[in-house]
Amino acid sequence: MTGAYAHRPVLLEECIEALHIKPDGVYIDGTLGRGGHSEQIARRLSDRGRLICIDRDSQALEEAGVRLAPWKDRITFLHGNFGDLDALLEQAGVPGADGMLFDLGVSSPQLDDPDRGFSYMHDAPLDMRMDREDSLTAWTVVNQWPREELRRVLSQYGEERYAGPIAAAIERAREKAPIETTLELVEVIRSAMPAAALREKQHPAKRSFQGIRIAVNDELTAISRMMQAAIPRLNPGGYLAVISFHSLEDRIVKSELAAAAKGCDCPPSFPVCVCGKQPQVKLTPRKPILPSPQELAENPRARSAKLRVAEKLEPKPKKDL
């Protein structure tokens, strides 16, 4: 395989194994991207099975549609944000699913397309929108948001140690003229960092670009909303698989799954449960699944990936108190 289809999805075999695909089941790929995960799901479905493919990037839907054409009769494509999962599944007439997969963060096609403005390695207009129909761009965040809000974005979303000096440098630069392109922004970021930080292996703009991208796309809010919608929508015995790429994403996924797996939240001092909450899921396995050494050698972008999997439990009959 060459070209776009040569791209290998992260943790592909692990995801397919985790979903325990039934040929006549209903499955959701909430982050379609190039369609690599969806192709392997669709291959395992019979004509009675159904796959719902969601992406907020209309270009991804168009390109993946070509790849998935052999199985189009069992696929429904939806343009939307997985944070709106409830509304999207209502729109598709899907009350529940036997498996859901979410591959979080920016997709490889978006990173590799210089015109999208996600990369600090190529010069492009400051955009960073996953959905080009959204109004907020990175240009607006960089040039119009107050310095303190910029500092918060860089620190909280980018986990950037030098968020304060970088935000101040951005404010000084934009007072002279708007910062128009990615490489202009990279130079401003570099100018605010100490020499020791510039010698680190990681690109000096990586954390700042991550923070701005998350802000532009409201990614963390979307993940939280998706998790809260996905678990109730899973059929008993169904599986939820979520791949995260940095600690902020993984923290939300881990927290939501832990709460759903816990059930009872009565104070420890209570002799018996009075809240009546039951565990909704079981973590399978309890710890995240990481890429194999072979995958890391073949695809460096997989190095920070974590796959968390949960099985939806059958509700137990409530006991009378």
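The values are calculated or read from the model by the stated rules, or taken from the named source; none is laboratory data. From a predicted model like this one, the values you see are computed outputs, not experimental measurements. A quick note on method: Cβ atoms are made from the backbone with ideal geometry, for glycine too, and the neighbour counts reach across all protein chains shown. SASA here: full protein model, heavy atoms, side chains in, ligands and nucleic acids out. Shrake-Rupley method; radii C 1.70, N 1.55, O 1.52, S 1.80 Å.
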What FRET efficiency, computed as 1/(1 + (r/R0)^6) with R0 = 30 Å and r the Cβ-Cβ distance, is obtained for Ala168 and Asp131, rounded to the nearest 0.05? 0.45
Can you give the longest run of the chain that contains no GluC sites (Glu not before Pro) sitting in a DSSP loop with at most 11 other Cβ atoms inside 10 Å? 1-132
Explain nothing, just the number: dipole magnitude of the chain about its Cα centre with +1 on each Lys and Arg Cβ and -1 on each Asp and Glu Cβ, in debye rounded to the nearest 20. 1120 debye
Pair Gln59, Lys287: separation of 7 Å Cα→Cβ label points (nm): 3.9 nm
Averaged per residue, what accessible area in Å² does the chain show with a 1.4 Å probe, protein chains only? 49 Å²
In nm, spacing of pseudo-spin labels at Leu111 and Gln278 (7 Å Cα→C-beta vector): 4.2 nm
With all protein chains modelled, accessible area of His122 [1.4 Å, Å²]: 80 Å²
Given 0.36 nm per residue, what is the gain on full extension from Ser191 to Thr221 after removing their alpha carbon distance, in nm? 7.7 nm
Under a Gaussian network model of the chain whose springs join Cα atoms within less than 10 Å, the largest fluctuation of Gln280, Gln156, Gln202 belongs to Gln202
Which residue fluctuates most in the GNM of the chain (Cα springs below 10 Å): Lys287, Lys176, Lys277? Lys176
Between Glu184 and Arg303, what length in nm is gained on full extension when 0.36 nm per residue of separation is reduced by their alpha carbon distance? 40.0 nm
Spin-label model distance (nm) - His203 vs Lys176, 7 Å beyond Cα toward Cβ: 2.3 nm
Considering only C-alpha atoms, what is the centroid distance from the stretch 88-152 to the stretch 196-241, in Å? 10 Å
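Which of Lys72/Lys306; Lys72/Lys282; Lys254/Lys277; Lys201/Lys287; Lys22/Lys254; Lys72/Lys254 have a Cα-Cα distance over 24 Å?
Over 24 Å Cα-Cα: Lys72/Lys306; Lys72/Lys282; Lys201/Lys287; Lys22/Lys254; Lys72/Lys254.
How high is the relative contact order of the stretch 180-300? Use alpha-carbon pairs under 8 Å, at least six apart in sequence, and give a whole percent. Display every interim value, and only then the final one.
Working: 59 pairs, mean separation 18.6, N = 121.
Across the stretch 180-300, relative contact order equals 15 percent.
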Contour minus Cα-Cα span, Arg152 to Phe270, at 0.36 nm per residue, comes to 38.4 nm
Going residue by residue through the stretch 141-148, the Karplus relation 6.51 cos²θ - 1.76 cosθ + 1.60 with θ = phi - 60° gives ³J(HN,Hα) values, rounded to whole Hz and with x marking Gly or Pro, of 4, 5, 9, 10, 6, x, 4, 5
Can you tell me the relative contact order of the chain? Whole percent, Cα pairs under 8 Å, sequence separation 6 or more. 17 percent
May I ask you to give the percent of accessible area on the chain that is carbon plus sulfur, with a probe radius of 1.4 Å? 52 percent
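In deg cm²/dmol and to the nearest 500, what is the mean residue ellipticity at 222 nm of the chain if only DSSP H runs of at least 4 residues count, each as -39500 (n - 2.57), divided by the residue total? Intermediate values should be presented prior to the final figure.
Working: 14 runs with 130 residues, N = 321.
For the chain, the value works out to -11500 deg cm²/dmol.
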DSSP beta bridges in the chain: the antiparallel percent, rounded to 5, is 40 percent
How about the stretch 1-70: which trypsin sites (Lys or Arg not before Pro) there lie in a loop by DSSP and see at most 12 other Cβ atoms within 10 Å? Arg48
Please report how far the C-alpha centroid of the stretch 242-289 lies from that of the stretch 2-76, rounded to the nearest whole angstrom. 28 Å
